[in-house]
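Remarks on the structure that follows.
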Amino acid sequence: MAEQDDIILAELSDEELVQQMHDDLYDGLKDEIEEAVHILLDRGWQPYRILTEALVAGMTIVGYDFRDGILFVPEVLLAANAMKGGMFILKPLLAETGAPKQGKMVIGTVKGDIHDIGKNLVSMMLEGAGFEVVDIGINNPVENYLEALEREQPDILGMSALLTTTMPYMKVVIDTMVEKGLRDDYIVLVGGAPLNEEFGRAIGADAYCRDAAVAVEMAKDFVSRKHNQMAAG
Amino acid sequence: MTAAAFPDALPDDATLTEAGLPAQRPRGRILLIACGALAREILALRAANGWDHMDLTCLPAKLHLYPDRIPDAVARVVEDNRDSFESIFVVYADCGTGGRLQARCAELGVEMVPGPHCYAFFDGNAAFAARADDEMTAFYLTDFLVRQFDAFVWRPMGFDRHPELIGMMFGNYEKLIYLAQTDDPALDARARDCAARLGLAYERRLTGYGDLATALARQA
């Protein structure tokens with residue numbers, strides 16, 4: 001990108017720099033994002049502000065354009081990789097500065113399925129939105145989910161599947177949670193390319209999330225409802 | 001149009017990917033509505049078995065990149081042609097539609113090929129399911145997908161522009177299995193090259209037409 005070469009990030013105003021970061025995220029420019037994060041930190045920006053106003057806001061635009069068919073998986077992955085670079089710098093600082101916590105989620109791809117692109121995007125966007133995310137990886141039998149729930153005590157369980165043949169396993173996990181009397185202790189969100197809302201309802205999930213942006217909205221919505229219920233109770 | 005002559009009229013793979021095969025003037029009693037990726041195999045079976053009463057139309061194979069669009073696309077072709085044929089058979093498996101294609105076919109009163117996708121029915125659905133745990137980390141190609149690897153995998157995944165994405169997208173895969181419908185050394189070599197480009201081990205399995213042959217025979 002020839003024009004990009006002419007821009008000196010350090011010479012931009014805060015407002016221009018944040019706008020430039022949105023553009024650079026959109027273009028998947030990891031090095032530029034990392035440089036801009038350092039510049040804003042040097043200018044005294046709080047890590048949480050950089051995360052939300054620059055990275056999450058930029059990635060949200062990417063998410064909308066993916067949803068609308070303007071961007072495709074490769075572009076989203078490059079953008080996510082750039083955001084990851086920025087978050088890697090911010091994460092330890094966020095812990096130190098006590099950024100607000102929205103809730104906690106355990107997330108994993110179901111048994112028989114090794115696909116994790118969607119899951120990783122959801123994890124990253126939820127972290128960006130202030131959730132603590134415990135990612136238990138791919139090919140998880142029900143025992144892995146139950147152990148992680150017991151160990152982590154999250155608000156939310158997230159399950160992902162890319163294959164028509166593996167998505168029914170989500171019901172195995174939910175049914176097992178019902179049998180053990182655990183189902184109502186957790187918000188269960190599911191996602192993956194072959195799923196839909198009807199499937200989510202049929203297997204007893206709280207919601208189907210069609211993309212990472214929806215997952216963030218659902219997670220926030222359900223956690224706040226849960227907290228309201230607890231306050232009312 | 002005879003069965004032997006029909007394959008000569010088949011468009012090239014790029015056309016089957018982008019545009020499919022338009023419906024011809026009805027000649028047979030049965031219309032097969034198929035994915036463009038299956039055109040050659042269906043016409044080979046049609047010729048071999050003398051199923052001259054079967055007409056074929058194909059949707060663009062690239063619909064597989066957007067599986068949510070397949071049920072509506074199939075439904076449109078069914079509606080457009082149902083008055084011209086005694087019966088219609090949909091030559092798609094689930095193909096990533098999460099049961100939506102099956103539901104739509106049931107609403108339309110037409111049958112489709114059982115199974116999750118073409119890899120499974122070429123391999124044989126039962127055998128494919130039995131191997132699912134052992135081959136969880138396998139990425140499959142068929143004859144068509146070997147020929148159209150760049151159009152279906154390499155370019156849409158952005159690997160031509162950003163090779164660093166290969167690791168992000170294929171990092172959990174270990175091998176590429178070429179499910180061969182025909183015994184073709186040239187395709188074998190191309191499939192091996194596809195595996196190398198993705199950094200995967202290579203295996204070839206000659207499947208023939210598998211459950212596709214039995215599914216079509218049941219309709220004949």
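Some notes on this structure:
- Check on A:Asp221, within 14 Å of chain B (Cβ to nearest Cβ), within 21 Å of the chain's Cα centre (by Cα) and not basic (Lys, Arg): no
- Counting only helices (runs of 4 or more DSSP H) that sit wholly inside the range A:1-51, those with at least 1 residues that are among the aliphatic types (A, V, I, L, M) and surrounded by fewer than 16 Cβ atoms within 10 Å (Cβ to Cβ) are A:2-6, A:30-42.
- Residues in the range B:53-62 that are buried (at least 17 other Cβ atoms within 10 Å of the Cβ) and touching a strand residue (DSSP E or B) at 6+ places or on another chain (Cβ under 7 Å): B:Met54, B:Asp55, B:Leu56, B:Thr57, B:Cys58, B:Leu59, B:Ala61.
- Restricting the range A:196-218 to residues that are outside any helix (DSSP H, G or I) and under 19 Å from A:Thr176 (Cβ atoms) leaves a set whose member that is nearest to the other protein chains (Cβ to nearest Cβ) is A:Ala205.
- For the range B:121-212, the strands (runs of 3 or more DSSP E) that sit wholly inside it and include 1 or more residues that are within 14 Å of another protein chain (Cβ to nearest Cβ) and farther than 27 Å from B:Pro60 by Cα are B:175-180.
- B:Arg161 being surrounded by fewer than 20 Cβ atoms within 10 Å (Cβ to Cβ), under 21 Å from the mean Cα position of the chain (by Cα) and not hydrophobic (A, V, I, L, M, F, W, C): no
- For the range A:134-153, a tally of residues being surrounded by fewer than 22 Cβ atoms within 10 Å (Cβ to Cβ) and away from chain B (no Cβ under 14 Å) returns 13.
- Among the residues of the range A:71-104, those identified as within 14 Å of another protein chain (Cβ to nearest Cβ) and over 16 Å from the mean Cα position of the chain (by Cα) are A:Leu71, A:Phe72, A:Pro74, A:Glu75.
- Only residues that are closer than 23 Å to B:Arg76 by Cβ, within 8 Å of another protein chain (Cβ to nearest Cβ) and out of contact with any helix residue (DSSP H, G or I) (no Cβ under 7 Å at 6 or more places or on another chain) were counted in the range B:93-120, giving 2.
Only the coordinates and a few stated rules stand behind these numbers; no lab work does. Quick caveat, the model's predicted, so the values are computed rather than measured. So basically every Cβ, Gly included, is an ideal-geometry build from the backbone, and we count neighbours across all protein chains shown.
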